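Engineer: Can you read through this structure? Questions will come right after.
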Amino acid sequence: MGIVADRSLGEPPAAVHPVVVFGKVMRAVERGLYRDSRLAGVAHAGVGVGLGLVAGRLVGSTAAATWTAVAGRALGEAATAVGSALAAGDTARARALLPALVGRDPSGLDEKEIARAVVESVAENTVDAIVAPALWAAVLGAPGALGYRAVNTLDAMVGHRSERYQRYGWASARLDDWAGWVPARVTAALVAAVRPRAAVDVWTAVREQAPAHPSPNAGVAEAAFAAALGLRLGGVSRYGDRTELRPPLGTGRPAGPDDIARAVALSRDVSLALAGALCALSVVNSAISAQITTESARGVRG
């Protein structure tokens with residue numbers, strides 16, 4: 001229900017969005033706690049995760065918390081906006097829109113590099129913004145959904161490889177890696193399920209190419225998307241004054257502007273497949289629980 005609500009309604013208004021409020025609170029926490037040490041970063045992460053769990057407990061409804069935590073529609077809209085700008089030949093506007101999706105420096109990117117950045121972001125955020133919060137909601141209810149969203153937001157805020165956050169953001173970055181490990185691999189499996197003709201290529205890319213990526217989770221998602229879309233992702237990525245050479249993922253052609261819509265469609269199909277799978281598991285679980293209750297009642301009467 002939460003995934004469907006996100007697809008139908010989109011994000012809550014920014015003025016009252018819990019994640020926006022959470023970000024403001026954690027900026028204040030950072031001002032009070034910041035020290036160039038891992039211990040201070042552990043305290044920061046602990047406060048943030050605690051707030052997320054408490055917020056989930058207060059919300060109570062798993063569906064409502066999942067709707068808040070999942071951001072699949074917003075992801076698709078942000079990516080589509082960049083694709084539309086590229087289709088109109090407005091590279092400057094595409095560069096201006098890109099920071100809503102990625103942290104890399106857009107100033108010197110051409111249209112193919114912008115397209116690659118968007119496809120990679122859609123792949124990575126299919127895990128972070130759709131599959132992971134929904135799975136954590138399925139396991140732990142509303143606290144799981146908002147607790148995970150807190151973890152992922154903390155990583156986005158302080159989990160950078162920069163001088164300021166090298167130590168302070170360490171705990172948040174490692175916590176995000178841990179929380180997303182299983183969801184990333186579920187995402188790859190869902191990609192293979194919704195694009196069955198590419199399933200073997202997806203499996204090969206995830207198994208052979210993803211381990212070379214610096215992120216244990218983003219590499220899995222990007223490799224799966226690259227293989228399913230017949231693309232080759234990776235290459236030079238610039239983050240401010242830092243440049244990274246990412247390993248090649250997939251064996252197809254370089255991404256182009258038209259591939260943004262294909263990536264958005266794949267992300268949408270993954271989210272709908274996940275919703276269907278969770279619904280089916282819920283029905284099976286309810287049937288099993290009903291059977292156990294019936295048998296227990298018979299035993300008592302006997």
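Engineer: Using only the Cα atoms of the chain, what semi-axes does the equivalent ellipsoid have when each is the square root of 5 times a gyration tensor eigenvalue? Give whole Å, largest first.
Structural biologist: Over the Cα atoms of the chain, the ellipsoid semi-axes are 32, 26, 18 Å.
Engineer: With 10 angstrom as the radius, rank HIS44, HIS160 by how many other C-beta atoms surround their C-beta, starting from the fewest.
Structural biologist: HIS160, HIS44
Engineer: Among residues other than VAL202 whose Cβ falls under 12 Å from its Cβ, what is the net charge (Lys/Arg +1, Asp/Glu -1)?
Structural biologist: It works out to a net charge of +1.
Engineer: Normalising by the residue count of the range 2-301, find the relative contact order in percent from Cα pairs under 8 Å and 6+ residues apart.
Structural biologist: 21 percent
Engineer: Based solely on its DSSP helices, what 222 nm [θ] is calculated for the chain when runs of n ≥ 4 H residues each add -39,500 (n - 2.57) and the sum is averaged over all residues, nearest 500 deg cm²/dmol?
Structural biologist: Rounded to the nearest 500, it is -24000 deg cm²/dmol.
Engineer: If you don't mind, another one. Counting only trypsin sites (Lys or Arg not before Pro) that are in a DSSP loop and have at most 14 other C-beta atoms within 10 Å, tell me the longest site-free stretch of the chain.
Structural biologist: In short, 165-302.
Engineer: On to the next question. Please report ASP269, ASP258 as a ranked list, fewest other C-beta atoms within 10 angstrom at the top and most at the bottom.
Structural biologist: ASP258, ASP269
Engineer: Just want the ordering: TYR165, TYR148, TYR34, from fewest to most Cβ atoms lying within 10 Å of their own Cβ.
Structural biologist: TYR34, TYR165, TYR148
Engineer: Just to confirm the number: angle between the C-alpha axis of helix 258-301 and the first principal axis of the chain, 0 to 90 degrees, nearest 10?
Structural biologist: Once rounded, the angle reads 10 degrees.
Engineer: Sticking with this one: With r defined as the distance between the Cβ atoms of THR293 and ARG57 and R0 fixed at 25 Å, what FRET efficiency is calculated, to the nearest 0.05?
Structural biologist: 0.40
Engineer: Once amide H atoms are placed 1.01 Å from N in the peptide plane, what residues at a sequence separation of 5 or more from ARG232, or on another chain, have their amide H within under 5 Å of its amide H?
Structural biologist: So ARG232 has HN proximity to GLY252, ARG253, ALA255.
Engineer: Find the relative contact order for the range 60-208 and round it to a whole percent, using C-alpha pairs within less than 8 Å whose residues are 6+ positions apart.
Structural biologist: Reported as a whole number, the value is 22 percent.
FYI, it's all coordinate maths here, none of it is from the lab. Everything numeric here is computed off the predicted structure, so don't read it as measured data. Neighbour counts run over all protein chains shown; Cβ positions are idealised from the backbone, glycine included.
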